[in-house]
Structure formats: C-alpha cells, structure tokens
Amino acid sequence: MKPALLIIDMQKGLLTDPRLQSELSAASEYINAVADLFRDAGRPVVVVQDTEMGEHSPGFEVTPEIKLADSDLRIAKEWNNAFWKTDLERLLREQETDFVVVCGFAAEHCVTFTFNGARERGFGAAILQKGILGEHPDAVSGVYRDRSLISYAVIHALLKSQ
C-alpha cells in the first residue's frame, strides 16, 4: 500500500464557529500526529484549501493548529469534492498513491465528498478516526457510522512496515 494523507479545509475562515473552536485542538492533535507519520515515511501529505473566501484572504490560510511542512503538497479547490476540477488525482498518481486517508473539515460535505471521489477514481480510502470536524454536531458520528475509518495505531503500523 502506498498511502497519502489529505487534510481538507482546515482554514481560518471556515473554523470560526465556537463549537468548532472547542473541538479544533483535539482533531488537530490527531491530524498533526498522523501527518508526521506520513512525512517520516516519505509519503505525501496534501493540504487541500477551499477557495470560497478568496485565495489571498486571511480566511484562506490554514489554521495555526495544523502544523505544515515545506514538503506538503497544496491543492486549491472550488467544489466539495477535492478531486473535482483539480489536479489532485494526477498529483496522487505521480506519487504512486493507491490509498488515501482523509481528515479535516467538514465531515458532512468536503470530507465525505472527497472520500467518495477517491473511491470513484479507484483509490482505497478511509477517514481518520478522531481527525474530522463537522458543521453540525451529529455529522462526525454519521460519517464514522457510514464510512471506513482508520486509526492512528493502524496507520503507524502500516507506515512502519514499509
């Protein structure tokens, strides 16, 4: 397996709701820990940013709770599915990726649609357990119920064995 991590829409302008702010630290901790595993294994970390606020606005910036590295790849998207009308599929194929771990915001929209987009394009896919946020309080539990999940421990074991 040759996985990549997709960090979806963890942007200042999208995470302003007080409930999201209270959940941001815990989700970011998992995302950062898993991103470090991917980087250490030489596997891609792709930061996906929604352009709805404008690419040059402060809201477009990744929230400071997410640790970025110079090696991280970047994709700007306009649609909920990060594969739709972007270079994400080409970028992943160039990295010989066959499996994606999806994390970030919003569980009920961009995270789920990107997960589905990966599957439609022949990638294996899983949602990072404890690594997603949702606009609605029950969105995360719904995604956990209806989609494939992967934990930090499993990712650690998979990447360590490569």
- What do you reckon, is residue 19 in a helix (DSSP H, G or I) and either of a type in the set (D, E, K, R) or farther than 17 Å from residue 128 by Cα (or both)? yes
- Message: Looking only at strands (runs of 3 or more DSSP E) that lie completely in segment 56-162, which have at least 3 residues being over 25 Å from residue 13 (Cα atoms)?
- Response: 124-133
- Message: I'd like the residue in segment 100-121 that is among the small types (Gly, Ala, Ser) and farther than 15 Å from residue 144 by Cβ and, out of all such residues, is surrounded by the most Cβ atoms within 10 Å (Cβ to Cβ).
- Response: 118
- Message: Cβ contacts < 7 Å: first residue open to solvent by 10 Å² or more (accessible area, probe 1.4 Å), restricted to segment 24-38; second residue part of a helix (DSSP H, G or I), any location; separation 6+ or different chain. Result?
- Response: 30/152; 33/152; 37/155; 37/156; 37/159
- Message: Given the options 76, 106, 118, name the one that is touching a Gly at 6+ places or on another chain (Cβ under 7 Å) and over 19 Å from residue 41 (Cα atoms).
- Response: 106
- Quick one: which of 72, 138 is charged (D, E, K, R) and under 18 Å from residue 2 (Cβ atoms)? 72
- Pairs, please: C-beta under 9 Å, at least 6 apart or cross-chain, first residue acidic (Asp, Glu) and in segment 86-112, second in a helix (DSSP H, G or I)? 89/117; 89/118; 98/92; 108/139; 108/140; 108/142; 108/143
- Query: Can you find even one residue in segment 39-53 that is open to solvent by 10 Å² or more (accessible area, probe 1.4 Å), closer than 24 Å to residue 117 by Cα, out of contact with any helix residue (DSSP H, G or I) (no Cβ under 6 Å at 6 or more places or on another chain) and modelled with pLDDT under 95?
  - Reply: yes
- Task: Would you point out the residue of segment 1-23, among those that are of a type in the set (S, T, N, Q) and free of Cβ contacts under 8 Å to residues at least 12 places away in the same chain, that is surrounded by the fewest Cβ atoms within 10 Å (Cβ to Cβ)?
- Result: 22
- Item | Residue satisfying all of: in segment 54-69; on the phi < 0 side of the Ramachandran plot and among the small types (Gly, Ala, Ser); surrounded by the fewest Cβ atoms within 10 Å (Cβ to Cβ) among these | 69
- Message: Please go through (1) open to solvent by 10 Å² or more (accessible area, probe 1.4 Å); (2) under 10 Å from the mean Cα position of the chain (by Cα) for residue 96 and return the number of the only condition it doesn't satisfy.
- Response: (2)
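The values are calculated or read from the model by the stated rules, or taken from the named source; none is laboratory data. In this text, all values refer to a predicted model and were calculated from it rather than measured experimentally. All Cβ positions, glycine included, derive from the backbone under ideal geometry; neighbour counts span all protein chains shown. Surface accessibility is based on the protein's heavy atoms, side chains included, excluding ligands, DNA and RNA. Shrake-Rupley method; radii C 1.70, N 1.55, O 1.52, S 1.80 Å.
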